[in-house]
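The values are calculated or read from the model by the stated rules, or taken from the named source; none is laboratory data. All of these numbers come straight from a predicted model, not from anything done at the bench. We place every Cβ from the backbone using ideal geometry, glycine too, and count neighbours over all the protein chains shown. Side chains included, ligands, DNA and RNA excluded: accessible areas come from the protein's heavy atoms. Shrake-Rupley method; radii C 1.70, N 1.55, O 1.52, S 1.80 Å.
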Amino acid sequence: MIFRKVLFAAATLTVGFLAVLLLVYEPYASEAVRGTLGLFFHRVLPPLFPYMVLARLMVAFDLLAPLGQWMHLNRLFRLPSCAASVILTGLLCGFPVGAAGACTLHEQGRISSDAAGRLTALSSNAGPAFVFGTVSALWNSRQYGGFLWGIQTLSAVLIACIAARLCQSEDLSEDEGKHSSAGTFPEEMCRAVSESASACLCVCAYIVFFRVTGVLLSRLIPAMAPVFGVLFEFSTGCADGAAVGGYTGIFMTGFAVGCAGLSVMMQNYNFLGRRGIPAKLLWITKGIQGIVCGTASVLFYRIHPLVPAESTAVSGLFFSWNAGILTLAVLLLLSKLYKISKRGI
């Protein structure tokens, strides 16, 4: 009870303090909003919106479920095969596709709330488009981008395996998990487009808010600007890490990718909180991933010293959204071939 009162008082003081900073540094906040909106509509929205629509359809129609049987999800993560669509699209599409897909399965009654929380923690990672493209460009090394994405994915898988072993609640059985309550294709298409549009608008709002918060605090304490970037908005944190350079900078970049920052965490919580899905494991997972990715980045830097790019602005993507859609199409083909082979046709 006392802890809640202290937490409420701290939150009240923080909000009031930020309101004062907004009045004092209003020109800087306005510039940050304009810049962030431009970045969102030019860099984030073009790949994110089609990814979210396709991911929603894949989850609704169990398009990758046969691959889920091959991946032995029930044995590894105590998840039914229908979770394969969420895991694969989450790994390929990035934030917050995994959380959205897990909530879809939960709303359809195909996984429990506990399983949805574990599935979100497993599938909420930075996509290869950002890591291979932007992070690689910031540090002038595609090898580092591939290494960082691999460490991020491996750590998520290991944590999910451990969480599944420690879980005490009863999940839906494999037969129940295969049940689909999807509507007709036109119904699901309309739902996917409208829900994805609403989700993208929320993502934009969270990015803008936490970017402005970071700018305001950076104006107050300039020496802490890189730290605020890492904690609040992970793409800014990656660029700030490259600007710092050296062991400190590479750790900041790795930590930003693994931890994702408050902006992404609140994007995920926006999906989970209103549906009663626990987010505790997600917070723990991202904290561990931040430390692991940061430490692994330092080890990589020690073996292969990197020279950051002269410009640390967020650059173009090495993996375009067209390549991402092609990858999803290949996964669908593999899923269909696997299904045919199991039938013996």
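Annotations
- Burial ranking of peptide ranges 98-104, 242-248, 114-120, 265-271 (average Cβ count within 10 Å, highest at the top): 98-104, 114-120, 265-271, 242-248
- Calculated FRET efficiency for the pair C190/L299, C-beta based, R₀ 56 Å, to 0.05: 0.70
- All alpha carbon pair distances within region 82-125 were sorted into 10 Å bins beginning at 0; the resulting P(r) in whole percents reads 38, 56, 6.
- Loop chymotrypsin sites (Phe, Trp or Tyr not before Pro), region 1-107, which have at most 12 other Cβ atoms in a 10 Å radius of their Cβ (DSSP): none
- A11-L45 FRET efficiency (beta carbon distance; Förster radius 35 Å; 0.05 resolution): 0.70
- Inter-centroid distance (Cα atoms) of region 8-53 relative to region 233-275, Å: 15
- Solvent-accessible area per residue, Å², over region 200-319 with all protein chains present [probe radius 1.4 Å]: 44
- At a probe radius of 1.4 angstrom, the accessible area of region 1-143 per residue rounds to 43 square angstrom.
- Accessible surface of region 221-295, 1.4 Å probe, proportion on carbon and sulfur as whole %: 75
- In this label model, L22 and L166 are separated by 3.7 nm, measuring between points 7 Å along each Cα→Cβ vector.
- Three-way shape label, region 216-295, alpha-carbon gyration tensor, a/c 1.5: oblate
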